[in-house]
Amino acid sequence: MMGETNPKEIIENIQKRISEEIEKKNRGEYTPVDYKGVKRILDRLNARPRFIIELIQNADDNNYDVSEPFLEIYIINYGEEGYPYCLWILNNETGFKKENVEKLCQFFGSTKRKVGFIGEFGVGFKSVFSITNDPYVYSNGFSFKFHYEEKEPLTLIRPLWIEIPPEFVKREYTNIILPFSEENKKEVLNQVNQISPPLLLFLKNVKVIKVKDEITNENTHFKKEKKGNEISVLHNGNEQKWKVVKKQMTIPTELKDYLKNQMMKEVDIDTTEIILAFPLENSGNPKTSEEQFVFAFLPVRKYGFKFIIQADFLLTGGREDIIKDNKWNEWLRDSIIEVFLDAVREFKNDENLKYGFYNYLPLKEEIKDDFFLPVVEQIYERLKEEACILTKTNKWRRPSEVLIGDDEIKEIVTNEDLQKFF
């Protein structure tokens, strides 16, 4: 039982309410539903289908009473008319409640994110409609689906009770089943294949992601382990390590107004998180041999940095680049320096990094896009005033306070003499 009514009654009451809205609209009567909002949802689904990012983030935002939250993704043969395949997602969260279902059946509704994620501007779970017209949800006694009809947009949010779930459903978990066609197979596989070890760096709860393609018999397993600010991800037996530094940035009021105009809706967040992840060798020393991706949760592209940058950048329609002429993105870019300086202060206390973290510093000639050149300029300008050079006497000094000499000079002029003369 869920509150005053059981799961079936909750679904049927929501279904009845939305069906009445559809009838009012068809009769030309007043309806409180925001149809402009419906159209914006549909436009974004068509322009930027990113259902996998939404499903993973929703799972990470869920509540858990287990020590190892997981997300399992299966691609299986389905065999229904028009749907030869399906994506079956399992999550060991505590399960759906009435308020979760209510919000799922609203436009722009969310019981989740209040901090950080801009993403799809409220598309959320509805992003799954980019690859299926018939998503199913089974969780904590709830058993329902949506059946989207193009002629009636409100069917995006009208739930239909399912009396008998498929036999493969695991009732102790939250199950999301997304049947998809041959036409959408390439898009589904493309998005699932974008799940990579760095992605787990940005998750707060989910520690394990399993992907099993039962069509090709390919299995992928990711497991995150955290020790302080060091995170390692085991990927099919291989380990990758990073030093991760995060910072919550307070969003200026004028930027919230800017985003409101961009989205045509209220911005219900006050802070956003910027994450920098610095690759490590197994020894814990800096690993700077490879160029790293800039992420907007999923990888966007490489811009020439030797460390990962993760921020809520707004992207072009195909996710192939960051939108350049955009005040929000410019503010995020200019905020990277504050996180980088926090990282330098942590490096100074790390025996494996304090001698070699300079190798992470970007060079202008390495940066592949003028948009990110200000980051390089800011790093060097701010480091001039930072005690970031470790001297022979094992003290941290500003660059202007340090002289470099070869072994012969060091024998002739002692450190004590330098301090006396300069």
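The values are calculated or read from the model by the stated rules, or taken from the named source; none is laboratory data. Computed from a predicted structure; not experimentally measured. Cβ sites come from the backbone with ideal geometry, for glycine too, and all protein chains shown count toward neighbours. Ligands, DNA and RNA are excluded from the accessible area calculation, which covers all protein heavy atoms including side chains. Shrake-Rupley method; radii C 1.70, N 1.55, O 1.52, S 1.80 Å.
Relative to the Cα centre, the charge distribution of segment 214-344, modelled as +1 at Lys and Arg Cβ and -1 at Asp and Glu Cβ, gives a dipole magnitude of about 260 debye. Using 0.36 nm per residue and subtracting the Cα-Cα separation, the extra length available between Lys98 and Phe168 on full extension is 22.8 nm.
Report in % the part of the accessible area of the chain that belongs to carbon and sulfur, leaving out ligands and nucleic acids; probe 1.4 Å. Mind showing how you got there, number by number?
Working: 9750 of 21110 Å².
Exposed carbon and sulfur together represent 46 percent of the surface.
Full-extension gain between Leu363 and Lys227, please, as 0.36 nm times their residue separation minus the C-alpha to C-alpha distance. Mind dumping the intermediate values first?
Working: separation 136, 0.36 × 136 = 48.96 nm, distance 3.04 nm.
Contour length minus the Cα-Cα distance gives 45.9 nm.
In the chain, helices alone account for a calculated mean residue ellipticity at 222 nm of -8500 deg cm²/dmol, with every DSSP H run of four or more residues adding -39,500 (n - 2.57). Rounded, prolate or oblate: which fits segment 118-245, taking a ≥ b ≥ c as square roots of the Cα gyration tensor eigenvalues, rounded meaning a/c under 1.5, else prolate when a/b beats b/c? Prolate is the answer for segment 118-245, as a/c is 1.5 or above and a/b outweighs b/c. Projected onto the charge dipole of the chain (+1 at Lys/Arg Cβ, -1 at Asp/Glu Cβ, origin at the Cα centre), which of Pro252, Asn326, Tyr148 gives the Cα projection farthest towards the positive end? Value computed over the given set: Pro252. For Met249, the amide hydrogen comes within under 5 Å of the amide hydrogens of Thr272, Glu273, Ile274, counting only partners 5 or more places away or on other chains and with H modelled in the peptide plane.
Counting only Cβ charges, +1 for Lys and Arg and -1 for Asp and Glu, the dipole size of segment 204-254 around its Cα centre is about 380 debye. When the charge dipole of the chain is built from unit charges on Cβ atoms (+1 for Lys and Arg, -1 for Asp and Glu) and taken about the Cα centre, the candidate among Asn91, Val101, Val233 whose Cα reaches farthest toward its positive end is Val101. Dipole size of segment 127-180 about its Cα centre, with +1 on Lys/Arg Cβ and -1 on Asp/Glu Cβ: approximately 120 debye, rounded to the nearest 20. Contact order, relative form, for segment 161-293: 15 percent (alpha carbon pairs under 8 Å, 6 or more residues apart, mean separation divided by residue count).
Per residue, how many Å² of accessible area does segment 51-110 show with a 1.4 Å probe?
Numbers: 2330 Å² over 60 residues.
Ligands and nucleic acids excluded, the figure is 39 Å² per residue.
Going by alpha carbons, how many degrees (0 to 90, nearest 10) lie between the helix axis of 35-47 and the longest principal axis of the chain? With both axes taken from Cα atoms, the answer is about 60 degrees.
Ignoring ligands, DNA and RNA, how do Ile309, Ile176 rank by accessible area with a 1.4 Å probe, largest first?
Values: Ile309 0, Ile176 25 Å².
Sorted by accessible area, descending: Ile176, Ile309.
Each residue of segment 135-152 was assigned a 3J(HN,Hα) from its phi angle through the Karplus expression (A = 6.51, B = -1.76, C = 1.60, θ = phi - 60°), giving x, 10, 10, 10, 6, 6, x, 7, 8, 8, 9, 10, 10, 7, 10, 4, 6, 9 Hz with x at Gly and Pro. Average accessible surface for segment 198-246: 52 Å² per residue, computed with a 1.4 Å probe over protein heavy atoms with every protein chain in place. Counting only protein heavy atoms and using a 1.4 Å probe, the accessible area of Thr253 comes to about 100 Å².
Working note: Karplus 6.51/-1.76/1.60 with θ = phi - 60° gives segment 14-29 the couplings 5, 4, 4, 4, 6, 4, 5, 4, 4, 5, 4, 5, 5, 8, x, 8 Hz, where Gly and Pro are set to x.
At the residue level, Tyr136 shows approximately 40 square angstrom of accessible surface with a 1.4 angstrom probe and all protein chains present.
Normalised by the residues of the chain, what does the relative contact order come to in percent, with Cα pairs under 8 Å and at least six apart? Please list the in-between numbers first.
Numbers: 700 pairs, mean separation 51.5, N = 422.
Reported relative contact order: 12 percent.
Under a 5 Å amide H cut-off, with hydrogens placed 1.01 Å from N, Leu280 pairs with Lys241, Trp242, Lys243, Lys287 among residues at least 5 apart or on other chains.
Can you give the convex hull volume per residue for the Cα atoms of the chain, as a whole number of Å³? It would help to have the intermediate numbers written out before the result.
On the way: hull volume 72.9 nm³, N = 422.
Hull volume normalised by residue count: 173 Å³.
Each Cα pair of segment 359-399 feeds into the Kirkwood radius, which the Stokes-Einstein equation turns, at 37 °C and 0.692 mPa s, into a diffusion coefficient of 285 µm²/s. Each residue, Gln248 and Lys348, gets one label point 7 Å from its Cα in the Cβ direction; the gap between the two is 2.5 nm. Length available on full extension from Glu9 to Glu23: 0.36 nm per residue minus the Cα-Cα distance, which gives 3.0 nm.
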